[in-house]
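First up is the structure itself, then whatever we jot down about it.
The values are calculated or read from the model by the stated rules, or taken from the named source; none is laboratory data. This is a predicted model, so every value here is computed, not measured. So basically every Cβ, Gly included, is an ideal-geometry build from the backbone, and we count neighbours across all protein chains shown. With ligands, DNA and RNA removed, areas are computed over all heavy atoms of the protein, side chains included. Shrake-Rupley method; radii C 1.70, N 1.55, O 1.52, S 1.80 Å.
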Amino acid sequence: MDAEAICYLSIRELATRLREGKLSSVDVTRCILDRIHRLNPRLHAYLTVLDEAALKAAAQADAEIRGGRWRGLLHGVPVAVKDLCQTKGVLTTCASRVLRDWRPDSSATVAERFEAAGAVLLGKLNLTEFAVAWYHPEMPTPLSPWGASYWPGASSSGSGAATAAGLCFASIGTDTGGSIRFPSAACGIVGLKPTWGRVSRHGVFPLGESLDHVGPMTRSVADAAVVLGVIAGRDDADETSLAAPVEDYAAALDRGIKGIRIGVDEKYISAQASPEVATVVLDAVRVLERLGGRVVKVTLPDVEPGIAAWTTICAADALAAHDRTYPAKASEYGPGFRSFLEVGTSVRGQDYAKAHMMRERFANRFQELFDQVDVVACPSMSVASLPANGMPPDARGLMGPNPLLHFTAPFNLSRNPTLSQPCGKCLAGPPPSLQLVGRHLGEATLIQTGAAFERATEWHNQRPPQSAD
């Protein structure tokens, strides 16, 4: 098997080969590290690469597997985490000069759970400064593996680029207003934003604590199910984490979708989606219908007031998260993120209260849809791709109606889980992306539905051209 084929194995395929001794974790890790050192100088997906530590962890995994102490499907599998996830003794910069020398004394719970599962941590992935929309001008900017002219997807862009380019088998992303879904769509991969609190946020530097979700980014729905099963669950270190039992997500993969009710609001889809994306998403719904799903027409509550509320809440929450360094170190922030904190300083108590109540009204009405349906289908992003320079220069561009947030921010406000996956043919760039939205703690149903679509199509097998050596 050649090096590229190894780097693009599914987690389950790799786990089988590792357990049977057909591949070693050390050899696979070397293969991935070699690939990182070839491609990362161009893609800038990683900020920190942990060659020595990764090879040491891989050697330990090999010894344990040979000794009959197999920990599960992630044992010996090379993974990476976004660089706002704390890693003990390893730089955690949040892609900002403000934290350029920070080496935390402890790791985020998601990193600890990867380690407990025997996964091999390759390094820390690039992102926009503190996870909003802008890169710090002194930090490297990640490029889309589909081409430098394409947007790599905002905050978790390093996670999206690395996963799509075969530079890890799975990555961790965070999503406050779309930052698992945008890079998943922009890089042609799968992203799962779990229910708020389903995955611990302990040790993950916050953007907006009441909106932040942590979840897996992978190349298939099956791989996302494996990772979610490892990182989900109650964490005493995060009092907002949910105590509900973690389901066997892998068991949901082969259930089929006969009788699954799929809600579709065509007016909501067509209001902001390009004709190309709208057509492909509705075609995907028809595939699900042919597989046994039952399409139900629904009407979503108006999302636009909620998007305005999202900006108010997120900016104020971000200001709270940075109270130790802003305004004390204001000059060290990049101009884009600094402008977002400045928006936070202008939010009055009554503004936040009104935004909060707008959120509660939208969230309550949205949950009512799940009396009629099991999932809601819509685009992950309004277009298949954006130009690399498509973001507004500062936070003023996020104020008011925002088409980019139309299909993402509402489901941060409502805290529902979402699954994004490729759903069409690559034309000039990355493929369009289908988003499935589930009821609270409905991740298994999303995986069940997404896996059925994936088995019936080949869209997830498309690879970006700049992932080639």
Could you count how many residues in the stretch 222-231 are in contact with a Lys or Arg (Cβ under 9 Å, 6 or more places away or on another chain), open to solvent by less than 10 Å² (accessible area, probe 1.4 Å) and not charged (D, E, K, R)?
2
Of all residues in the stretch 339-349, how many are open to solvent by 30 Å² or more (accessible area, probe 1.4 Å) and touching a helix residue (DSSP H, G or I) at 6+ places or on another chain (Cβ under 6 Å)?
1
Which members of the stretch 69-99 meet the condition of being touching a Phe, Trp or Tyr at 6+ places or on another chain (Cβ under 9 Å), more than 20 Å from PRO206 (Cβ to Cβ) and among the hydrophobic types (A, V, I, L, M, F, W, C)?
LEU74, VAL77, VAL79, ALA80
Looking only at helices (runs of 4 or more DSSP H) that lie completely in the stretch 140-247, which have at least 2 residues being more than 15 Å from the chain's Cα centre (by Cα)?
221-231
Does LEU441 qualify as being in contact with a Leu (Cβ under 9 Å, 6 or more places away or on another chain) and either of a type in the set (A, V, I, L, M) or at pLDDT below 95 (or both)?
yes
Within the stretch 324-336, identify whether any single residue is aromatic (Phe, Trp, Tyr) and either under 27 Å from TYR150 (Cα atoms) or in a loop (DSSP other than H, G, I, E, B) (or both), and answer yes or no.
yes
Whichever residue in the stretch 112-157 is open to solvent by 10 Å² or more (accessible area, probe 1.4 Å) and of a type in the set (Asp, Glu) and, among such residues, is nearest to GLY233 (Cα to Cα)
GLU112
Step by step: first the residues of the stretch 430-469, then only those that are touching a Phe, Trp or Tyr at 6+ places or on another chain (Cβ under 8 Å) and farther than 26 Å from HIS213 by Cβ, then the one that is least open to solvent (accessible area, probe 1.4 Å). Which residue is that?
GLN466
The stretch 263-304, residues that are open to solvent by 30 Å² or more (accessible area, probe 1.4 Å) and under 21 Å from PHE370 (Cα atoms):
GLU266, LYS267, LEU282, ARG286, GLU289, LEU291, ARG294, VAL295, LYS297, THR299, ASP302, GLU304
Can you run down the residue pairs with Cβ atoms below 6 Å, 6 or more apart or on separate chains, where the first is in the stretch 123-134 and assigned to a helix (DSSP H, G or I) and the partner is aromatic (Phe, Trp, Tyr)?
GLU129/PHE337; PHE130/PHE337
Matching residues in the stretch 42-66 - criterion: being among the hydrophobic types (A, V, I, L, M, F, W, C) and in a helix (DSSP H, G or I)
LEU43, ALA53, ALA54, LEU55, ALA57, ALA58, ALA59, ALA61, ALA63, ILE65
For the stretch 350-384, give me each residue that is under 22 Å from the mean Cα position of the chain (by Cα) and open to solvent by 40 Å² or more (accessible area, probe 1.4 Å).
VAL383
Check off (1) of a type outside the set (Gly, Ala, Ser); (2) in contact with a Lys or Arg (Cβ under 7 Å, 6 or more places away or on another chain); (3) open to solvent by 10 Å² or more (accessible area, probe 1.4 Å) for ARG396 and give me the number that stays unchecked.
(2)
Candidate set: the stretch 1-27, residues that are charged (D, E, K, R) and not in a helix (DSSP H, G or I); chosen: the one surrounded by the fewest Cβ atoms within 10 Å (Cβ to Cβ):
ASP2
Would a scan of the stretch 280-301 turn up a residue that is within 23 Å of the chain's Cα centre (by Cα) and among the hydroxyl-bearing types (Ser, Thr, Tyr)?
no
Given the residues LYS88, LYS82, which is the only one that is of a type in the set (Lys, Arg) and under 22 Å from the mean Cα position of the chain (by Cα)?
LYS82
Check the stretch 305-317 and report whether any residue there is of a type in the set (Gly, Ala, Ser), more than 25 Å from the chain's Cα centre (by Cα) and open to solvent by less than 30 Å² (accessible area, probe 1.4 Å).
no
Of the residues GLY450, GLY424, which single one is within 18 Å of ARG286 (Cα to Cα), among the small types (Gly, Ala, Ser) and within 18 Å of the chain's Cα centre (by Cα)?
GLY450
So, in the stretch 28-82, of the ones that are crowded, with 17+ Cβ neighbours inside 10 Å and of a type in the set (Lys, Arg), which residue ends up nearest to SER171 (Cα to Cα)?
LYS82
